[in-house]
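The values are calculated or read from the model by the stated rules, or taken from the named source; none is laboratory data. All values reported here derive from a predicted model rather than from experimental measurement. No Cβ is skipped: glycine too gets one built from the backbone with ideal geometry, and neighbour counts run over all protein chains shown. Keep in mind that these areas ignore ligands, DNA and RNA; they rest on the heavy atoms of the full protein, side chains included. Shrake-Rupley method; radii C 1.70, N 1.55, O 1.52, S 1.80 Å.
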Amino acid sequence: MQPFAVGPDLLATPQWLQAHRGESDLVVADCRYDDDAAAAAAAYRAGHIPGAVHVFWPRDLAAGGAPVPNLLPAPEQAADRLGGLGIGDDTLVVAYDADGGHHASRLWLVLAYFGHDRFKLLDGGIQAWEAAGGALEQGDVQPVRRHFSPQAPRESLRIRADELANRLGEPGMQLVDVRRATEFDGSEARAARGGRIPGARHLPWQDNVNADHTLHTPEEIRARHAAAGLDPEREIVTYCQAGVRAAHAALALLLAGYPRVRVYDGSWAEWGNRPDLPIETGPTS
């Protein structure tokens, strides 16, 4: 597996965005989420960074359909949906949300998976933008469709259920569950079964985020994961419920210098609903 790396310039400050926002090759993506799609759209219309297009990840960044709607989109879906958001082959995408980059990271994952590396995460999200004096605008922004050409998928960023199941217990693979503690121990079941994938370490995604919604420094993130026993020379697989929190955790690990990171996009929405796959429950020893 070829490693995939990101650099520190993947993060944008509000000042950087203010200076570049009007450039013709730049698309700002508002990725704020609500379980209710109408509520998410209403929040966007009530106030967003000027010029930002609205991205609702279950509609725009997932395959949809049964039995696992949260899988990454197929190439033709990505071409249609990303192009419809105004993202072309040469577009620089700057994404933000209100949750420390949680939902914006799903857009990063889809773009990176299909070979598009012109991406920046607005560190601190819409809160940082407003704190820096940035204005908001109301209403809808209608994107101008562009041509997006998906490249050959980077399977070094993604792992499927069957491969993961066949490799459980393999010394070279480290499995990280980034969900809430109640999801991890099985007391909160968000699928047919509650629990975790056997052998997973519990490292919640939000522990990589400061109180002001910015990411911890790469050094802090690396120290946290090193203390949990994660080896940067070995492959790391992140998972959550639907491959969104896991994308954020993967991005944080890549920024911290862990180059061999993959996301299980099926996550618990798939694993917990497949009775043929093993689980663990309860506290770890």
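Remarks
- Exactly one residue out of LEU11, LEU92 is in contact with an Asp or Glu (Cβ under 9 Å, 6 or more places away or on another chain), surrounded by fewer than 21 Cβ atoms within 10 Å (Cβ to Cβ) and within 27 Å of PRO232 (Cβ to Cβ): that is LEU11.
This table checks each residue for (1) at positive phi; (2) under 14 Å from the mean Cα position of the chain (by Cα).
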| residue | (1), (2) |
| --- | --- |
| TRP108 | no, yes |
| LEU111 | no, yes |
| GLY115 | yes, no |
| ALA132 | no, no |
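- On the stretch given as segment 44-68, residues that are hydrophobic (A, V, I, L, M, F, W, C) and in contact with a strand residue (DSSP E or B) (Cβ under 9 Å, 6 or more places away or on another chain) total 4.
- Each residue in segment 156-182 was checked for being part of a helix (DSSP H, G or I), open to solvent by less than 80 Å² (accessible area, probe 1.4 Å) and either in contact with a strand residue (DSSP E or B) (Cβ under 8 Å, 6 or more places away or on another chain) or without any contact (Cβ under 8 Å) to a residue 60 or more places away in the chain (or both), and 8 pass.
- Taking residues in segment 209-232 that are in contact (Cβ under 8 Å) with a residue 12 or more places away in the chain, and partners anywhere that are crowded, with 17+ Cβ neighbours inside 10 Å and among the aromatic types (Phe, Trp, Tyr), the pairs with Cβ atoms closer than 8 Å and at least 6 places apart or on different chains are ARG222/TYR258; HIS225/TYR258; LEU230/TYR258; PRO232/TYR258.
Rundown of residues vs (1) open to solvent by less than 20 Å² (accessible area, probe 1.4 Å); (2) part of a helix (DSSP H, G or I); (3) basic (Lys, Arg), yes/no style:
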site: VAL110; (1), (2), (3): yes, yes, no
site: LYS120; (1), (2), (3): no, no, yes
site: GLU130; (1), (2), (3): no, yes, no
site: GLY134; (1), (2), (3): yes, no, no
site: GLN142; (1), (2), (3): no, no, no
site: ARG145; (1), (2), (3): no, no, yes
site: GLY194; (1), (2), (3): yes, no, no
site: ILE221; (1), (2), (3): yes, yes, no
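Results for (1) outside any helix (DSSP H, G or I); (2) modelled with pLDDT of 95 or more; (3) not basic (Lys, Arg), shown as yes or no for each residue.
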site: ARG224; (1), (2), (3): no, yes, no
site: LEU230; (1), (2), (3): yes, yes, yes
site: GLU233; (1), (2), (3): yes, no, yes
site: ILE236; (1), (2), (3): yes, yes, yes
site: HIS248; (1), (2), (3): no, yes, yes
site: LEU251; (1), (2), (3): no, yes, yes
site: LEU254; (1), (2), (3): no, yes, yes
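- For segment 69-86, the set of residues classified as in contact with a strand residue (DSSP E or B) (Cβ under 8 Å, 6 or more places away or on another chain) and under 26 Å from HIS213 (Cα atoms) consists of LEU72, LEU85, listed by residue number.
Condition check ((1) within 19 Å of the chain's Cα centre (by Cα); (2) surrounded by fewer than 18 Cβ atoms within 10 Å (Cβ to Cβ)) across all residues:
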{"site": "LEU17", "(1), (2)": "no, no"}
{"site": "ASP25", "(1), (2)": "no, yes"}
{"site": "VAL28", "(1), (2)": "yes, no"}
{"site": "ALA46", "(1), (2)": "no, yes"}
{"site": "VAL55", "(1), (2)": "yes, no"}
{"site": "ARG59", "(1), (2)": "yes, yes"}
{"site": "GLY65", "(1), (2)": "no, yes"}
{"site": "GLN77", "(1), (2)": "yes, yes"}
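- Scan of segment 257-269 for residues that are surrounded by fewer than 23 Cβ atoms within 10 Å (Cβ to Cβ) and at pLDDT 95 or above, ordered by number: ARG260, ALA269
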